[in-house]
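This report concerns only the one structure given below.
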There are 2 protein chains.
Amino acid sequence: MERKCNNQPYLLLMQTSKAIHDRIKEEIAKNKLGITEFSVLEVLYQKGKQTIQQIGKCILVSSGSMTYVIDKLEQRGLLSRNACANDRRVIHVTLTDDGNELMNEFMPKYHEFINHLFDSLHSDEVEALVQLLKKVRNKV
Amino acid sequence: MERKCNNQPYLLLMQTSKAIHDRIKEEIAKNKLGITEFSVLEVLYQKGKQTIQQIGKCILVSSGSMTYVIDKLEQRGLLSRNACANDRRVIHVTLTDDGNELMNEFMPKYHEFINHLFDSLHSDEVEALVQLLKKVRNKV
DNA sequence: TTCGATTATCTTGAATCTGAGATAATAATA
DNA sequence: TATTATTATCTCAGATTCAAGATAATCGAA
């Protein structure tokens, strides 16, 4: 009987993504941020003002965690909660100047870091990898 | 300024691996197991008797978490702790009959499930994906 | 042998996440 | 309008993880 998983592409895909995830976690930790915290800031940086709900859907985090993580980022002065004038159930969240400054500082390095991870591939290899991954992803 | 990450292979790699991770989590949850718990059982199923330390190194989990997860699996009767005769610091862990039965039952389904995720690729595409991922992984 | 270093496991406390349920506001409908 | 359903956020308990430190055993060198 086969007790070990021998599916090579599966093992490699998971190993590689975990390795990348861990390296990125380290990078983000340099700003004393967790990945969830960073993801919130990233959404706000990209999209501007968002509701808590919108952010949570975007980064796939429960409402309980959203309250928690936004509390922490607010205490740290990186974002602010603002009541919504039209709908008093809603809270808008925006980056503070400090938050913006942090992201302006960090994001170029961050993108550079990610690009660097794929340096070893030629452009045609990148294209091939993208096509193969799309095929897999669409099946999952 | 570029606020959004446009690195396609990166985004696809992480999206795909997360999607796969989540699907596998669901599969494993059908046995009322978490991924860490399952990983422990998997190691024991593949390698037979192991020390707690060995398992922890293998699945990259801290010693504190190992105690916790092995407690739970032991309480559920899926594995047992056995003192080591030679070295009294060490505890050997083995699957119980129940644990073995569970794994005998589940593992074929599990491997089938994983293979199924890559059904959409031809064998030459699988090979290409493997080569590309190796290249990326070795760089990270 | 004896003392210090190392090793394996466990304990504890803090961090983070989820899910269920509470609260409050809004929307929809009779 | 009154009632009901839905929505957004928050609260809380429980699960899981890690890091640091405690405990106990073993190893190694003087």
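The values are calculated or read from the model by the stated rules, or taken from the named source; none is laboratory data. What you are looking at is a predicted structure, and each value in this text was computed from that prediction instead of being measured. Neighbour counts are summed over all protein chains in view; Cβ atoms, including those assigned to glycine, are modelled from backbone coordinates with ideal geometry. Only protein heavy atoms, including side chains, enter the accessible area calculation; ligands, DNA and RNA are left aside. Shrake-Rupley method; radii C 1.70, N 1.55, O 1.52, S 1.80 Å.
A few notes on this one:
- Boolean, A:C5 is more than 13 Å from chain B (Cβ to nearest Cβ) and more than 15 Å from the chain's Cα centre (by Cα): no
- Filter result for A:L73 (at the interface with another protein chain (Cβ under 10 Å from one of its Cβ atoms) and open to solvent by less than 20 Å² (accessible area, probe 1.4 Å)): no
- Failed condition for A:H111, given (1) surrounded by 14 or more Cβ atoms within 10 Å (Cβ to Cβ); (2) in contact (Cβ under 8 Å) with a residue 24 or more places away in the chain: (2)
- Filter result (touching a residue at least 24 places away in the same chain (Cβ under 8 Å) and more than 8 Å from DNA strand C (Cβ to nearest atom)) within region A:49-79: A:K49, A:Q50, A:T51, A:I52, A:Q53, A:I55, A:I70, A:L73, A:L78, A:L79
For every residue, the table says whether it meets (1) farther than 22 Å from A:H122 by Cβ; (2) touching a helix residue (DSSP H, G or I) at 6+ places or on another chain (Cβ under 8 Å).
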site: B:T96; (1), (2): yes, no
site: B:N100; (1), (2): yes, yes
site: B:N104; (1), (2): yes, no
site: B:E112; (1), (2): yes, no
site: B:H116; (1), (2): yes, no
site: B:D119; (1), (2): yes, yes
site: B:D124; (1), (2): no, no
site: B:V130; (1), (2): no, yes
site: B:L133; (1), (2): no, yes
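- Top-ranked residue in region B:8-31 [being assigned to a helix (DSSP H, G or I) and of a type in the set (D, E, K, R); ranked as nearest to the other protein chains (Cβ to nearest Cβ)]: B:R23
- Flag for A:S63 being farther than 21 Å from B:E2 by Cβ and surrounded by fewer than 19 Cβ atoms within 10 Å (Cβ to Cβ): yes
- Among the residues of region B:32-50, those identified as in a loop (DSSP other than H, G, I, E, B) and open to solvent by 40 Å² or more (accessible area, probe 1.4 Å) are B:K32, B:K49.
- Within region A:51-70, being of a type in the set (S, T, Y) and either more than 6 Å from DNA strand D (Cβ to nearest atom) or part of a helix (DSSP H, G or I) (or both) holds for A:S62, A:S63, A:S65, A:T67, A:Y68.
- Selection from region B:114-132 of residues that are open to solvent by 20 Å² or more (accessible area, probe 1.4 Å) and within 20 Å of the chain's Cα centre (by Cα): B:N115, B:H116
- Test: residue in region B:84-100 that is among the β-branched types (V, I, T), within 12 Å of DNA strand C (Cβ to nearest atom), surrounded by 16 or more Cβ atoms within 10 Å (Cβ to Cβ) and part of a helix (DSSP H, G or I): no
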